């Protein structure tokens, strides 16, 4: 029983592979309906599945593939042409076969699915002109008739009975008419057909027994190759074989050429096919992935052992000069390096492994949505680690579906706008800078910024005010927000508002990035940047407090050396947090030793005289990019860059998010890998803001949502988003009354609580002159109002210079440079709540969470 | 549990089920992990695999070793994850099926007692049988 199971398992693996190939071939056939090679390949695949399923007694499978085979054999012989109808039916058959195989895989037996309809459709398509019983409602125009099919041949085909194609051994089809006469298949030259026919007529009915075993295992016998190539008839082969069995010493091909049943050229071609087939069979083996992983691990150990040996020998070089041992070690070293490289390669797979599924996806979806789409693929051989490939499969499929469904217009629309009816979807892959770039380019309608903006506002993702200052790029990126969908109605293809955000999350989860560009009316391009491999990454090794750590190179933007005057001049404190002015932009800093708890938090930062970095020690700032934010990691030393193998941490250390894993360096020591995003979050550098991307940092002046700049106390300036400013008032100081511990003022028939920004921000202004007026910034929402007491109203700013810094402190969410002054961004939520704890709980509308994010978006 | 792999930590003699012990190695390199709990001694490289090492002294609430003598990694495998226990010195494998077994005596420190299955009274001393699973059950969350 076990042996049978094994055979079935092998059959399943092989068949699944064959089916994938079949999908590809059928689609390629649609482009090139006359390709004999493709037809032969498709036929061969179905033929193999049919033969084996008969042998293994999977009768449903056998029956289904048999009908398909009949259709294919007629197609191959050029008696009927491949129409869209036929290829749809054949693809449906492939799906049905796949399902059957799936059932067999899961239950061991064929399922109960009824395929009679499909079989009927397939049968009805056997003849031209016969309308398919279960044909699609709107049959597409037939592919132009094959120009090469001579009329005489079609006539011959019609007059002949419908013979089953050549059957392999173990074939029994009692219901089928026995092929007493072979149809003249299309031969290489028309002149050869007549002799072939003659040969066929002389032939005895084909034996139903086994064919003589081919001389080469693994490659089909030459006769079969000739038949499949359509260069000879099954009968002619049988005759030649018979002669061989009767003692003819000549090779089969030669006998056939001598009989005139085929041409020398065809035999030569067949021999080539045969050897090509053999070389494929002989040159590749299936290997368990686990075995590869374990190989990889072993090679890693070998490398370490090699390194130890070499360093030991280096120590003893004087005594063991030129010894045989040293030479052997050298050799071992070389071989090990090579081995390492090769084993790494075994894990790499071409992106085509994922792409090859796309033609089918595109075809089916295009049909479903009434689109005409041509899929072009560029760089299919681009290699990625298999784990990465696995991870990008779903996002990529989603983007492709999206491009067909939303990107490319209907043929009518395209025609109306002067574009060719057929849309082009291009997939590009290439390596650059140690990363793989994947592009999904369509020449469709493009993405309408206004529609996105309107939709985003409608869904409450952004406000009108924010929109007015958003760049086109930022607007475009809104499509990656959760809950965003442009689809007017929900289809089973898209429109549920899940997808793009998932694409983004998934790609970012493997250390990649997604970008989109679009031109209205001309199409969109989605760009994925992904690491080559997850297991081996380039990393920067740094030193901190006598220990080494690794930082993934993808996060590293640049290195800044801190030394001498430069170091001291560069680091400033804003609200007690260190920042570095890098090319006139504020770079928030994070000290690694603090983050790792090696020195007490904030100790070095308390006094303005005591710079965050020891003058003597110097150090480096590693400028990192994580979660679309930039910050500087202050370390003691920068050591080198190397490829490291990422090893997961055990369960005891999984709870420490600062570490992304560990690795073993060449000297055998274990080094922790730091997680840049976590470091950034831990140090509160990151705010959940929208749209600040690396590109923004290069700009000198950035537009922001308008903010009201006020003076809080002394020289401190704060910014309040204009959105949250309902009115500016000046009231006499004497009108301020007290209710409990709060200051209030009577304002438009209500009691309005006040909060002094100076108190809130911990600044101590001079006591207010009771005669002077008090400047109020009033924020009203529904029935409730709060008033912010400020020292002076200064300005309304609509742009900032340099980057926004996220250094926050009590009641702050960060700071920006407006003009040449640092302006602190007030945390409005806490400011409002400080005045009125129930402010948000009463009215409907935005929740507090939304207020926060709104605010943060506004100040990006 | 008829055979125990024994080792010394401080003045105690401990033993764990020999079936759980994968191997015993002496490694001089250990990478400390900042932010981890004090029981976590660090990471070791065991033939290309990165293992967490638990300082058994700290785990048992014993004072740090006075000597700077290299300690020994007893690699135990529980839940299919090998973890190293750092001990002072390795003993041998003892057959204990004939040795009288007792519940953990109350004289043993409370913190240690929680991690014990019981004690075997050898002729000359006590052999404390460790509950390996509980020893490895160091709370996961980081130290603040």
Handout entry: Condition broken by residue B:2, with the remaining ones in (1) within 14 Å of another protein chain (Cβ to nearest Cβ); (2) out of contact with any strand residue (DSSP E or B) (no Cβ under 6 Å at 6 or more places or on another chain); (3) surrounded by fewer than 19 Cβ atoms within 10 Å (Cβ to Cβ) satisfied
Key = (1)
Practice task
Check every one of the helices (runs of 4 or more DSSP H) wholly within the range A:405-482 and list those with 1 or more residues that are outside the structural domain of residue A:552 (by TED's automatic domain parsing), surrounded by 15 or more Cβ atoms within 10 Å (Cβ to Cβ) and in contact with a strand residue (DSSP E or B) (Cβ under 6 Å, 6 or more places away or on another chain).
Solution key: A:464-469, A:472-476
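Determine whether residue A:20 is under 30 Å from the mean Cα position of the chain (by Cα) and modelled with pLDDT under 80.
Working: under 30 Å from the mean Cα position of the chain (by Cα): yes; modelled with pLDDT under 80: yes.
Taking the combined requirement at face value, the residue satisfies it.
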Handout entry: Residue that is farthest from residue B:50 (Cα to Cα), among those in the range A:647-659 that are more than 7 Å from chain B (Cβ to nearest Cβ) and surrounded by fewer than 18 Cβ atoms within 10 Å (Cβ to Cβ)
Key = A:657
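Pick from A:581, A:651: which is part of a loop (DSSP other than H, G, I, E, B) and at pLDDT 75 or above? Before you say what the answer is, go through the steps one by one.
Working: A:581 fails: part of a loop (DSSP other than H, G, I, E, B).
Going through A:581, A:651 in turn, the sole match is A:651.
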Exercise for the section: Within the range B:31-56, work out how many residues are modelled with pLDDT under 90 and within 19 Å of residue B:89 (Cβ to Cβ). Expected result: 0
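Filter the range A:385-399 down to residues that are closer than 21 Å to residue A:501 by Cβ and modelled with pLDDT under 85 and give me whichever is surrounded by the most Cβ atoms within 10 Å (Cβ to Cβ).
To start, the set of residues in the range A:385-399 that are closer than 21 Å to residue A:501 by Cβ comprises A:388, A:390-399.
So of that shortlist, the ones also modelled with pLDDT under 85 come out as A:388, A:390-391.
On the way: A:388: 25, A:390: 15, A:391: 20.
Within the range A:385-399, the match that is surrounded by the most Cβ atoms within 10 Å (Cβ to Cβ) is A:388.
For residue A:281, are the conditions met, namely being modelled with pLDDT under 75 and not in a loop (DSSP other than H, G, I, E, B)?
yes
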Completion exercise
For the range A:343-367, the count of residues that are part of a helix (DSSP H, G or I) and either buried (at least 20 other Cβ atoms within 10 Å of the Cβ) or in contact with a helix residue (DSSP H, G or I) (Cβ under 9 Å, 6 or more places away or on another chain) (or both) equals 16
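Checking the conditions here, which among A:712, A:671 is at pLDDT 75 or above and touching a helix residue (DSSP H, G or I) at 6+ places or on another chain (Cβ under 8 Å)? First the steps, then the outcome.
Working: A:671 fails: touching a helix residue (DSSP H, G or I) at 6+ places or on another chain (Cβ under 8 Å).
That would be A:712, the only listed residue that is at pLDDT 75 or above and touching a helix residue (DSSP H, G or I) at 6+ places or on another chain (Cβ under 8 Å).
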Practice task
With respect to residue A:225, determine if the residue is modelled with pLDDT of 75 or more and under 30 Å from residue A:17 (Cα atoms).
Solution key: no
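The values are calculated or read from the model by the stated rules, or taken from the named source; none is laboratory data. Computed from a prediction, not measured in an experiment: that's the story for all the values here. For neighbour counting, all protein chains shown are included, and Cβ atoms are generated from backbone atoms with ideal geometry for every residue, glycine included.
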